[in-house]
Every structure is written in C-alpha cells, then in structure tokens.
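Have a look at the structure below, then the notes.
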Amino acid sequence: MRRLGLFAALAIALAPAAFAQDADTEKAIEKYRAMLKEDPWSNPGYLDVDRGEALWTTKAGPKNASFEQCDLGKGPGKVEGAFAELPRYFADADRVMDVETRLLWCRETLQGLSTADYVKRPHPAGGQPVKEIGAIAVYVASKSAGQKFAAKLDQPKEKDVVALGETLFYRRQGPFDFACATCHAEQGLRIRLQGLPQLAQKKEAAKVIGEWPAYRVSTTHVMTMQHRLLDCYWQMRLPELQMGSEASVALIAFLTKQADGGEISAPGLKR
Amino acid sequence: MRLILALIISLAASPALAQPNSAAADAAVRAGFPTAPADWAPRLTADETMQQCSASHNSPAKDVAEAIRKREQATIVYPSDNNFMGDWQRGEKLAQSGYGLRFTDYPPRQANGGNCYACHQLTRAEVSYGTLGPSLSEYGKLRDFKPDAVKATYEKIYNSHAAFPCSTMPRFGANKVLTIEQIKDAVALLMSAESPVNTGK
C-alpha cells in the first residue's frame, strides 16, 4: 500500500515530464527505476499483463472464440517463450509478423473481428490504457522475460524483411529529411535532455529493445513497439504508420535482429 | 590509410548500401502510411539528394558531395533587400518551439518552430538542449560578427547541404519549414551582438 501511494505520488510528479524534461525529472525516474528493480512487480505495466492474460482466454467476436488457439509460432496456445522468437515467417499468413501483427491475425481468423477496423485507432491517447492487442502483446512478451532474443530470421522471406527494415532505418524523407538513423546512429546523443539509444549498434540495441512493450511514465500507459514506431514517425513529420504494415514489421524485424542475444525484460519502464 | 581501408570494407559489407531506396522500400512506404492526405505524397518519397545521403549513410563520395552542394545551393532564396538579420528575441522563441508539420498540427494553430534546442546548445540560460548538432554557444562572437558570416548563417539554416552535403539538419528554407522572415530571426539569435547566445547569458 505504501508502495502504491509512493507510485501515485511519483506518477503525479512525473506526468508533465514529457514537456519539462529537466535533469531533476530524469533523476527522479532513475530513482523510480531503482525502486522497481528492488520489487519488479510494482511496475504498473503488470496491470496490463494481467488484463492481457484475461483477454487471451475471453471469448469474443462473431465466432465467439478466445485467443487460446492462437499460434504464435510454437504451436496453438503456446505463449511461453514465443515472443523471444518473433518476428518470424508464418506460412498460414504467408508473411513475416511481429507479435502485435500476429495477434491481429489471430483476432481476425479466430474471433472474426476486422483488422481493418482495429487499425483505424490502434493506440491509446496519453493517460488512456493500452488497447486490447497491446495488453495481450505485453502479456505475451512478459512470458519471455528473462530469456534472450532468439528470432532466427534466416528464411529467405525473413531476410528480405530485415533488409527492408535496415533500408527504412536509413531512409531520409519528409519535410525534415529525417531517418531513424538521424537520431539513433551515434552514441551518447540526446534530444533536449532525453538520451537516444544507438540502435545502429548491436550492443546498445540489445540493451534497450528487450524492454518493449514498456510502461511509459510520461503518458501513464503501456506503449507497444508498433506505437513507439508511430510516435517516431509522428516526430519525423510523416503520416500515421499503419499497425501491422509491411514497413512496421520490417523495422521491428531489423531492430530485433540488431538486438539478437539481448535479454527480454518486458514490461520495461520508460520516461 | 588503414582507417580508410577499413572504412571502404565496412561500407562495402553493409547490405543496406546495396539497395538503399529500392522499389521495395518505396512500395512499403506507400502502403505503410495509407492515411496520408494527397498533398502529403511528397513526404513519402525521397528526392535525389536524400537518396544519395541515405545510400551513403550520410557520407557521400567526393563527387556526389559536390553535386549535392551545387544542387542545394541553387535552392536558396535570399531576402530581397539582402538584410539577413531579423529579431533575436523572435529567434529565441522559434528556437524553443517544436511545433509544426506533425499530423496532429493541422489545421495549424501557430507558426512552425525551428526547434533548434532539440539538437543545439544556444543560450546559457537554456540548459535543456540536445547534442545531435554542435554547440552554437557564442556563435556570432566566434565569427567576429562578420557580414560574410551573417550571410553564411542564413544559407546554412535555409539549406544546410549547401555548406555540408548530407548534413542531418533539416533544410528549413528549401523544405518550407520556416519562412524567410523566420530564418532571419534565427540568424539574429546566432549573429546579433545583443543576443544572449553571444553575451553569455
């Protein structure tokens, strides 16, 4: 209870951090991260892990089915360790899929619910809880926590997708001429006071990619990797990146390949 | 010499360099942003300069760099009265603002910002600055406030590639992010002797 109270106080104190971004804020978050290490279960992201687990077994849609027969790559219903081997090629869909794209596929094929409708508003606004697929994604990811990324990505179609992701990572476009690499190709740089991970380098990618999906203190919700990419492109002055699009999966595949061998610690905790 | 050799080998070994803006990437980008309004179509393609910069990971070969420099220099539109200095106080406001051109910024509620502090140190007073670009502290003072440097500053903000081919800085003038008047204000923030960038405040 005392911990919850402390968390609430911190959450209130840190809510405007996205705009203020001062050194004190960063220090306070560091303190908060240290506290979480002492008791990882106090990460609010676990509320959505629980919600996702419940959604996994809840019947829904015109077909009145749950996700329990969803095949994440290790066979229908096998969740343990599945996230560590994603993205991967799925023969039934004939395409490479990351966890969220695969969950959308299961939602459509098992429950009969439209992906086209879902991707119109797939991500939560600030302060709103992560949406259904995101909650299930963070549940699935948490079931690989402690494991190392081991996506093989060695099939021809998987290699093509990783190569496409790398091309997109370095592709400059839009009115600001930005690429992902503009901010993520050198070490130790920051925007304002926010540190930027050098995702072009495997060692640093391995350190940070495994933290996603993560609970974000500034927006007080779980943010998934698909949402993270959309947010980057928003800052890059590009339109809305469609959840589950080939481009989104390619970037996630490339980043996961960069993070190969890195430990999964989802849900992580971010500014 | 060994460094150059290593650089050549590392460049040759990178698969992204083989097919930087391939048809597959163009198609994936078109399909990946389906809600783009019609007038945003140019944002989904890369012009020749950006293709060359992406392909070389911003390290173009000498002849390519020279071609970029010439091409981008030609885009620069100068103030009709050849006065490059605006108001440094307006420049400081501009440097603080990251507003503009995001899909949540329509219809526009204010003028676009230059967001200089996202990447550069400028005044001493602002401690929340990024490090993606070099520090611009005392920028004018270090250049003795020379008229040639004032003009060069205008050119760098209007189109940084005219000075530094494959610079990572946006082409604020050429891409119509900022107006000529706004660029003059940013020049004043950097080059005016009264600006806190140069007075050390």
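Annotations
- Cα gyration tensor shape for segment A:134-271, rounded if a/c is under 1.5, else prolate or oblate: rounded
- Among beta bridges that DSSP assigns inside chain A, antiparallel share in %, nearest 5: 80 percent
- Helix-derived mean residue ellipticity, 222 nm - over the protein assembly as shown, DSSP H n ≥ 4, -39500 (n - 2.57), to 500: -12500 deg cm²/dmol
- Annotation: amide H-H contacts under 5 Å for A:Arg88 (H modelled 1.01 Å from N, sequence separation of 5 or more, or interchain): A:Met97.
- From most to least packed by mean Cβ count within 10 Å, the peptides B:32-40, A:170-178, B:121-129 give A:170-178, B:121-129, B:32-40.
- In order along segment B:158-163, phi translates into HN-Hα couplings of 4, 7, 4, 6, 5, 9 Hz, rounded to whole numbers, per the Karplus curve 6.51 cos²θ - 1.76 cosθ + 1.60 with θ = phi - 60° and x for Gly and Pro.
- Alpha-carbon centroids, segment A:255-271 and segment A:151-211: separation in whole Å: 13 Å
- Interchain or long-range residues, amide H under 5 Å from A:Lys270's placed H: A:Tyr215, A:Arg216, A:Val217
- Evaluating 6.51 cos²θ - 1.76 cosθ + 1.60 at θ = phi - 60° for every residue in segment A:37-50, the Karplus couplings come out as 5, 5, 9, x, 5, 7, 5, x, x, 5, 4, 7, 4, 5 Hz, glycine and proline recorded as x.
- Note that segment A:165-177 has calculated 3J(HN,Hα) couplings of x, 5, 4, 5, 4, 9, 7, 8, 6, x, x, 9, 6 Hz, one per residue in order, obtained from phi through the Karplus relation 6.51 cos²θ - 1.76 cosθ + 1.60 (θ = phi - 60°); glycine and proline are x.
- Anisotropy class of chain A from Cα gyration tensor, a/c 1.5 cut: oblate
- Summary of packing: across the peptides A:217-225, B:85-93, the per-residue average of other C-beta atoms within 10 Å ranks them, highest first, as A:217-225, B:85-93.
- Anisotropy class of segment A:201-271 from Cα gyration tensor, a/c 1.5 cut: oblate
- Partnerless Cys - chain A, beta-carbon criterion under 4.7 Å: A:Cys180, A:Cys183, A:Cys232
- Segment A:74-121: GluC sites (Glu not before Pro) in DSSP coil with no more than 16 other Cβ atoms inside 10 Å: A:Glu80
Where a number appears in this text, it was derived from the coordinates with a stated rule and is not lab data. Just so it is clear, the model here is predicted, and its values are computed rather than measured. Positions of Cβ are backbone-derived with ideal geometry, glycine not excepted, and every protein chain shown enters the neighbour counts.
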